[in-house]
1. Please tell me which of these pairs span more than 32 angstrom C-alpha to C-alpha: LYS56/LYS151; LYS97/LYS151; LYS62/LYS285; LYS56/LYS216; LYS152/LYS285?
2. Give the longest segment of the chain that steers clear of trypsin sites (Lys or Arg not before Pro) in DSSP loops with at most 11 neighbouring Cβ atoms within 10 Å, not counting the sites themselves.
3. Can you tell me which of ALA60, ALA163, ALA207 moves the most in a GNM of the chain? Springs connect C-alpha atoms under 10 Å apart.
4. Can you put VAL218, VAL46 in order of Cβ neighbours within 10 angstrom, beginning with the fewest?
5. Determine ³J(HN,Hα), in whole Hz, for all residues of the range 230-244 in sequence, where each value follows from phi through the Karplus function 6.51 cos²θ - 1.76 cosθ + 1.60 and θ = phi - 60°; x replaces Gly and Pro.
6. On a 0 to 90 degree scale, rounded to 10, what angle separates helix 51-60 from the longest Cα axis of the chain?
7. Explain nothing, just the number: dipole magnitude of the range 180-296 about its Cα centre with +1 on each Lys and Arg Cβ and -1 on each Asp and Glu Cβ, in debye rounded to the nearest 20.
8. Please find, in a Gaussian network model of the chain (springs between Cα atoms separated by less than 10 Å), the residue of VAL282, VAL76, VAL93 whose mean-square fluctuation is greatest.
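Coordinate-derived values only; no laboratory data. Values in this document were obtained by computation on a predicted structure and should not be read as measured data. FYI the Cβ positions are ideal-geometry reconstructions off the backbone, even for glycines, and counts take in every protein chain you see.
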Amino acid sequence: MSFEITSRTGLLGLLGHPVGHSVSPFIQNSLAEHFGHDLRYLAYDVEPDALEAAVKGAYALKIRGLNVTVPHKQAVRAFLAYEDEAAARIGAVNTLKREADGWHGYNTDMPGFLRALKSDGINLKGRNVVVLGAGGAARAIVSAVLESEAKKLFIYNRTYEKAAEMAAYFTSEYPGSCIVALSAIDELTAAMKAEETQFAAINTTSAGMYPNVDDKPVDDEEFYRLCDTGVDIIFNPLRTAFMKAVEDAKEGNRAVNGLKMLLFQGVRSYEIWNDVEVPDEVAMKIYAGLTDLLSS
Ligand code: ATR
């Protein structure tokens, strides 16, 4: 296979601010290389007031597809010809595909998270789940938890109003779901105990992200004893203080980081842009490369 750039080479890209440490180019260019597609993926640092010009300019340049990341995932919705149902429900778009009538917007964070859980053998169906945090990142996670048919979902956030708003919104989006908003740790642990089952806890806050590697979204030890599974969406560091707290709380507990979610949201974007299916073996090869990249 020739992997040279020619006048026919297609372009994909990432719009974010900042993007300097993004590993998405590694994921997407590895996929292009695997499939022998004549495509390249670049990261573009786009300031918020330049988003409209960037999105429209990319369309004019016939860029095939874009990923969109922080802080543009909500704002980009104003520049789409079409938005898929999951993206509309989550209220955030992270993938744009060029179509004849304009950009079509998708959210691959949600399916990416579900495929990551599956790959790690974590099944939320019928389980009690706590989502920590109620910011932008929590929305795709909450949606994934509800798609997984979890039994009961607690949304815990230090600012109660945001948790309550999110619980009300997703209760109306997923009628029949059982979602409770909490912001006092004693109330959370009491409510968890009352369920008499172990919980899966998912951290969607930025607490513990580099360089604040000793931070945790919750400090209460009792909380961690009530969980048997921890999922962090953070992947820098690869083992967060939250993951450590879950694993140290009890024998048999396990915790995973957010690297597979990152990988599979990118994989799903690539599948949308190119109408292909990326097999697990291919994804896992890229995952090994990503782990090396981030460990070095
Ligand atoms: P994002 O879009 O990445 O989720 P965000 O919208 O700023 O970012 O939301 C960050 C989330 O992490 C919020 O739920 C925030 O709690 P507040 O709503 O109370 O601000 C939560 N968060 C951030 N740092 C935290 C910390 N050190 N401890 C607990 N929660 C934290």
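1. Working: LYS56/LYS151 43 Å; LYS97/LYS151 35 Å; LYS62/LYS285 30 Å; LYS56/LYS216 40 Å; LYS152/LYS285 35 Å.
From LYS56/LYS151; LYS97/LYS151; LYS62/LYS285; LYS56/LYS216; LYS152/LYS285, over 32 Å: LYS56/LYS151; LYS97/LYS151; LYS56/LYS216; LYS152/LYS285.
2. Numbers: sites that count: ARG8, LYS62, LYS125.
Segment 126-296 is the longest.
3. ALA60
4. Numbers: VAL218 22, VAL46 25.
Starting with the residue having the fewest Cβ neighbours, the order is VAL218, VAL46.
5. x, 10, 10, 8, 6, 10, 9, x, 5, 10, 8, 4, 5, 4, 5
6. Orientation of helix 51-60: about 40 degrees from the principal axis.
7. Numbers: 10 positive and 21 negative charges, 61 e Å.
So the dipole magnitude of the range 180-296 works out to roughly 300 debye.
8. VAL282
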